[in-house]
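A short write-up of the structure that comes next.
Values quoted throughout were computed directly from the atomic coordinates according to the rules given, and no laboratory measurement underlies them. A quick note: this is a predicted structure, and the numbers were derived from the prediction, not measured. Every residue, glycine as well, gets a Cβ built from its backbone with ideal geometry; the counts of neighbours run over all protein chains shown.
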Amino acid sequence: MKLSPSQFWRIRESQYRLIITECGSCGRKSVFKRSVCPFCGSSNVKHVESEGFGKVLDVTKVMYRWNSSDERPPLLVGVVELDEGVRVVGEIVGVGDNEEVKEGTRVEAVLRRYASDDPYGVIYYGIKFKPIKTA
Amino acid sequence: MGAYIVSGAVVKVDRHFERGYRDLAYDVVKECPDCLDVDYVVISSALPELTAHQVDLSTHIAQWLGRRVPVVRVESGETSGLAAVDLAASLVSSGRNRRVLVLGLEKVTDYPTYVTNYFYSLILDYEFEVLRSVSPPAYAALVMKELMRGGVKRECFSSWAVKMHENATSIPHAMLRFKISYDSFKDSQVLAEPLTLHDSFALGDGAAALVVSSSPNTNASSVEIVFSATEVGLPAYLRENISDLTASVKLLKLSLERYGLDLKKVITELHDSYTPYPIAILRSLGYLDGGCDLNEFEYLNTSGGLKARGHPIGATGVYQAYEVFKLLTDRLGSKTASTDYGLVHSMSGPDNVSRVLILKR
Ligand SMILES: [Zn+2]
């Protein structure tokens with residue numbers, strides 16, 4: 001067993017939800033539930049939950065295989081700026097054959113599979129992003 | 001009391017199928033007779049727990065070499081090697097030790113490439129990056145795209161790789177000792193668009209040894225460590241611009257200013273795991289302004305860099321320091337240099353941490 005249920009359980013809030021850490025000292029915001037502001041080191045922080053919408057700042061199509069999970073290339077990895085003004089990095093899924101994801105594409109957070117041990121093992125789920133269909 | 005590099009050796013970066021960690025350690029110290037005349041050993045290695053199932057590697061190596069001197073291992077991702085040199089310099093300049101052996105060791109070719117790629121990806125944050133399918137080449141691709149939006153042409157990145165391969169042809173311990181052409185990029189495997197395999201480092205096993213001493217050799221064959229510093233960057237996804245490698249740029253700027261150096265003249269080994277990184281750094285430092293002429297730099301990555309000499313992850317910094325030491329005191333392969341300063345830069349991931357070392361003849 002290479003995945004630990006307890007390791008993932010500890011970080012569940014940052015993986016299942018889009019928590020933003022707001023710093024009361026420098027005023028900057030960062031993704032994930034943190035005890036300390038990554039910009040200034042202050043622990044004067046509070047946590048709010050993102051609405052889950054944002055836009056792609058940049059994206060790359062990853063073509064090579066770099067792990068043994070069932071996630072096979074190609075996959076899209078991008079930096080997303082949430083509407084709350086915070087950046088997060090992650091996978092962009094649910095893109096149709098005729099769709100294009102690029103700078104500025106609107107996306108929403110969805111819960112998807114991250115990793116699994118083997119067919120009978122632990123499965124991790126977490127946030128990925130999906131383009132918002134426009135009519 | 002100072003810190004001086006007085007001796008060293010390297011083995012060829014390669015796929016050493018018949019050599020494990022202990023064999024590579026033996027191979028390199030065999031080439032360096034006074035490397036075992038030391039009172040402390042610092043081993044740098046990033047991946048032995050993952051690639052060789054070995055905890056406390058340094059103790060087992062000391063036992064295997066029949067030298068039960070005090071030993072410790074340093075690990076700091078891709079910068080492990082320079083972290084080890086930094087520690088050795090502190091040990092001798094503080095007066096605690098007389099001579100310290102720095103031994104960079106890495107064994108990375110025992111698994112299919114995708115497995116090693118995964119081990120390597122763990123230089124990033126496992127919980128917040130790796131689990132989210134973010135890998136080192138994905139970041140390098142995003143840096144490359146941002147630079148291209150800022151006007152850098154694709155050929156600029158290719159020219160880095162072409163130059164590194166050309167440099168490596170005269171370096172006996174380099175992994176890839178052949179030239180490549182611009183045309184070869186067209187057929188190169190895409191790792192993460194627009195980054196290709198030709199934009200990536202060569203992954204190989206390696207072992208490099210250096211002796212750091214509290215006093216110089218009586219002849220001219222030693223260099224002084226005049227500067228050694230570390231800077232931790234922000235996680236890449238939190239940066240305003242992902243191509244701003246601010247930790248590296250800050251350290252390099254500081255060291256160039258303090259010693260009045262110009263990268264066009266001084267011996268330099270830059271960390272070029274992926275071609276966008278050295279290009280981003282040189283541009284931030286004010287070089288390559290009007291284009292991408294790498295021939296303006298007299299001694300830039302003479303070794304061929306991570307790109308062509310190869311990147312034995314936790315050992316690479318020791319290779320870089322060895323190469324600058326050899327260029328300053330003697331020759332590196334068929335290359336010589338007429339300058340008094342050499343600079344080594346190492347970083348892990350997209351500038352998560354950066355280290356710079358300055359050596360003076
Ligand atoms: Zn803050």
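Miscellaneous remarks
- Taking every alpha-carbon pair within the stretch A:19-67, the share separated by more than 11 Å comes to 70 percent.
- Near A:Ser14, once Lys and Arg are set to +1 and Asp and Glu to -1 for all other residues with Cβ below 9 Å from its Cβ, the sum equals +2.
- Each of B:Lys145, B:Lys107, A:Lys130, B:Lys153 has some number of other Cβ atoms within 10 Å of its Cβ, and from fewest to most they run B:Lys153, A:Lys130, B:Lys145, B:Lys107.
- Between A:Lys55 and B:Tyr126, the C-beta separation translates, for a Förster distance of 30 Å, into a calculated FRET efficiency of about 0.65.
- Exercise: per-residue mean of other protein chain Cβ atoms within 10 Å, A:75-82: 4
- Measuring nothing but how far apart in sequence close Cα pairs (under 8 Å, 6+ apart) lie, relative to its length, chain B scores a relative contact order of 28 percent.
- Value of relative contact order over chain A, rounded to a whole percent, pairs C-alpha under 8 Å and six or more apart: 22
- Taking every residue in A:111-119 and counting other chain Cβ atoms within 10 Å of its Cβ, the average works out to 1.
- Peptide-level mean, for A:53-64, of C-beta atoms on other protein chains within 10 Å: 6
- Given B:Lys145/B:Lys264; A:Lys29/A:Lys133; B:Lys107/B:Lys360; A:Lys102/A:Lys133, the pairs whose alpha carbons are separated by over 24 Å: B:Lys145/B:Lys264; A:Lys29/A:Lys133; B:Lys107/B:Lys360
- Lysines whose Cα lies under 16 Å from that of B:Lys335, excluding same-chain neighbours fewer than 8 positions away: B:Lys163, B:Lys265, B:Lys326
- Dimensions (Å) - the protein assembly as shown, Cα atoms, principal axes, largest first: 77, 50, 48
- By the beta-carbon count within 10 Å of each Cβ, the least crowded to most crowded order of B:Arg331, B:Arg355, fewest first, is B:Arg331, B:Arg355.
- Debye intensity ratio in log₁₀ form over the Cα atoms of the stretch A:5-131, taken at each q of 0.09, 0.11, 0.21 Å⁻¹: -0.29, -0.44, -1.23
- Rough spin-label spacing in nm, given labels placed 7 Å along Cα→Cβ, for A:Asn98 and B:Arg68: 7.6
- Excluding same-chain neighbours fewer than eight residues apart, the aspartates and glutamates reachable from A:Lys130 by a Cα-Cα span under 16 Å are A:Glu51, A:Asp58, A:Glu81, A:Asp83, A:Glu91, A:Asp97, A:Glu99, A:Glu100, A:Glu103, A:Glu108.
- Residues of type lysines that B:Lys30 reaches as a straight line, Cα spacing below 17 Å, ignoring anything fewer than 8 places off in the same chain: B:Lys12
- Remark: B:Arg15, B:Arg361 ranked as B:Arg15, B:Arg361, counting other beta-carbon atoms within 10 Å and listing the fewest first.
- Selection from A:Val80, A:Gln15, A:His47 lying farthest towards where the dipole of the stretch A:5-131 points positive, charges on Cβ: A:His47
- Chain B, Rg to Rh (Cα coordinates; Rh as Kirkwood inverse mean 1/r): 0.94
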